[in-house]
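Below is one structure; the comments refer to it alone.
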Amino acid sequence: MISKEQFDKELQLILENAIREDVGDGDHSSLACIPADAMGKAKLLVKEDGILAGVDFAKMIFNYVDPEMEVDVLIEDGTPVKYGDIAFYVTGKSQSILKAERVVLNTMQRMSAIATKTNAFMKLVEGTKAKILDTRKTTPGIRAIEKWAVKIGGGENHRFALYDMIMLKDNHIDFAGGITQAINKTKEYLKNENKDLKIVVEARDLNEIAEILENDGIYQILIDNFNFEDTKKAVALINGKCFTESSGNINEKTIRDYALCGVDYISSGALTHSVYNMDLSLKAVL
């Protein structure tokens, strides 16, 4: 996993690029009709039930746009919210509030939707040992805030990117000439490069599970696109030798059945690639 310092750098890059993209050489609508010294206040209005996420990131955005803006938080990240709730008030120069408005809303709406879906998945596996993982199926350029939202919703982060974990999937295995060849080449590579990365290997059937288990040093086996019965057999075969993860076309209807198979983790790309933004608004307080 990446360090907190590296994660914070990713957040800063997202923030800076979002403001660059949205503001450019100036918010001319505000510059045209609002005095530079005019002060204002706005509220973040919740217009849909769900799990709120992105409040802390909104504070970062407001501070980046204008450090003199003040945010009075009423509802923290990870809190269930309902229509009509007010998450926070922001006070400062009216031009600054408007400059930050769209970036705050875009990120909070996206993050809240992801946190809400993750939380729903978590509730579906209650009473089992399964934990919910995200994937790399994220929106290009804003992965850090999407993975942050998963954690706010109660899930856990899988690898952040290609560089912080080894994951030998079907194409790696096929290009390398087989499972054992891929694992052996990986271990040699890590030794030569003096890298300490966890190794996860994907299995397509029970025979591949058995072959993976013939190799030591495997952190996790990805039980990909197995049916329920074969997933149970895979978990029994692995028998605690490493962590187990179910993946592949898992949704609200099937997730609990996979959890009941006894896997340690269930990963779902749907947490980040199949959500609809939560309805939030930033409204002036007069």
Selection count where residues are in a helix (DSSP H, G or I) and either acidic (Asp, Glu) or open to solvent by less than 20 Å² (accessible area, probe 1.4 Å) (or both), scope region 142-156: 6
Hits in region 223-247 (condition: open to solvent by less than 20 Å² (accessible area, probe 1.4 Å) and either among the charged types (D, E, K, R) or under 23 Å from Val275 (Cβ atoms) (or both)): Glu245, Ser246, Ser247
Filtered residue count, region 6-28, keeping only those that are in a helix (DSSP H, G or I) and either at pLDDT below 95 or open to solvent by less than 90 Å² (accessible area, probe 1.4 Å) (or both): 14
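Closer than 16 Å to Gln109 by Cβ, without any contact (Cβ under 8 Å) to a residue 60 or more places away in the chain, surrounded by 14 or more Cβ atoms within 10 Å (Cβ to Cβ) and aromatic (Phe, Trp, Tyr): which single residue out of Phe57, Phe88 fits that description?
On inspection, the qualifying residue turns out to be Phe88.
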Candidates Lys137, Lys191, filtered to the one that is touching a Gly at 6+ places or on another chain (Cβ under 8 Å) and either open to solvent by 50 Å² or more (accessible area, probe 1.4 Å) or not in a loop (DSSP other than H, G, I, E, B) (or both): Lys137
Residue match in region 36-48 (condition: within 24 Å of the chain's Cα centre (by Cα), touching a residue at least 40 places away in the same chain (Cβ under 8 Å), assigned to a loop (DSSP other than H, G, I, E, B) and within 30 Å of Asn119 (Cα to Cα)): yes
Test result for Gly153, within 11 Å of the chain's Cα centre (by Cα) and either of a type outside the set (Phe, Trp, Tyr) or farther than 19 Å from Asn277 by Cα (or both): yes
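Could you say whether any residue in region 226-243 is among the acidic types (Asp, Glu), at pLDDT 95 or above and within 24 Å of the chain's Cα centre (by Cα)?
No, region 226-243 contains no residue that is among the acidic types (Asp, Glu), at pLDDT 95 or above and within 24 Å of the chain's Cα centre (by Cα).
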Tally, over region 228-278, of residues that are assigned to a loop (DSSP other than H, G, I, E, B), in contact with a helix residue (DSSP H, G or I) (Cβ under 7 Å, 6 or more places away or on another chain) and in contact (Cβ under 8 Å) with a residue 60 or more places away in the chain: 8
Boolean, Tyr64 is surrounded by 15 or more Cβ atoms within 10 Å (Cβ to Cβ) and among the aromatic types (Phe, Trp, Tyr): yes
Total residues in region 80-114, condition in a strand (DSSP E or B), more than 20 Å from Asp49 (Cβ to Cβ) and among the aliphatic types (A, V, I, L, M): 1
Selected residue (only one of Glu70, Glu126 is closer than 30 Å to Asp25 by Cβ, without any contact (Cβ under 8 Å) to a residue 40 or more places away in the chain and open to solvent by 20 Å² or more (accessible area, probe 1.4 Å)): Glu70
In region 157-188, the residues that are in a loop (DSSP other than H, G, I, E, B) and of a type in the set (S, T, N, Q): Asn157
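The values are calculated or read from the model by the stated rules, or taken from the named source; none is laboratory data. Remember, predicted model here, so these are calculated numbers, not experimental data. Heads up, the Cβs are rebuilt from the backbone with ideal geometry, glycines too, and the neighbour counts pull from every protein chain shown. Heavy atoms of the whole protein, side chains included, go into the accessibility calculation; ligands, DNA and RNA do not. Shrake-Rupley method; radii C 1.70, N 1.55, O 1.52, S 1.80 Å.
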